[in-house]
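This report concerns only the one structure given below.
What follows draws every value from the coordinates through simple rules; no lab data is involved. Remember, it's a predicted structure, so these values are computed and weren't measured experimentally. Note: ideal-geometry Cβ built from the backbone for every residue, glycine included; neighbour counts use all protein chains shown.
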Amino acid sequence: MRNLITEDEKDLAEALARGMRKQGYAADIAYDGEEALVMAEVNDYDLIILDLNLPKIDGVEVCRRIRASGSPTGILMLTARSRLDDRVDGLDKGADDYLVKPFHFPELLATVRAILTCPRI
């Protein structure tokens, strides 16, 4: 399974990638929304882990554009935005799930597994 981690905090992005690789996932990293869109266009990802507070293009817009392109790629929003309105907006824009920082890595992995095993239309 190939995943894209989109996170502007480099230490967190690298830690997530290391953790995902230890679990047997391939993991690429994008540090801003523009880079994420380019990478999602040229690569077939099974899952995109997407921060919302990104430079250049925010995560909600990245998600909206990916969904508008017709991509069935799983999307997990991983963000510090914890308000109910933010969670609802993220899900309404096309995210498959929404996880608030700080998080526990086992919970993130369980969410990833759930998204990856859910059939896509």
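Things worth noting here:
- Criterion violated by Ile75 - all others in (1) farther than 23 Å from His104 by Cβ; (2) in contact with a Cys (Cβ under 9 Å, 6 or more places away or on another chain) satisfied: (1)
Rundown of residues vs (1) among the acidic types (Asp, Glu); (2) in contact with an Asp or Glu (Cβ under 9 Å, 6 or more places away or on another chain), yes/no style:
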site: Glu35; (1), (2): yes, no
site: Ala40; (1), (2): no, no
site: Leu54; (1), (2): no, yes
site: Arg64; (1), (2): no, no
site: Pro72; (1), (2): no, no
site: Leu76; (1), (2): no, yes
site: Arg87; (1), (2): no, no
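- Put simply, of Asp44, Asp32, Asp96, Asp86 the only residue that is within 17 Å of Arg2 (Cβ to Cβ), touching a residue at least 12 places away in the same chain (Cβ under 8 Å) and more than 10 Å from the chain's Cα centre (by Cα) is Asp44.
- Pairing each residue of region 59-71 that is among the hydroxyl-bearing types (Ser, Thr, Tyr) with any residue that is in a loop (DSSP other than H, G, I, E, B) and crowded, with 16+ Cβ neighbours inside 10 Å, provided the two are 6+ apart or on different chains, yields C-beta distances under 9 Å for Ser71/Tyr45.
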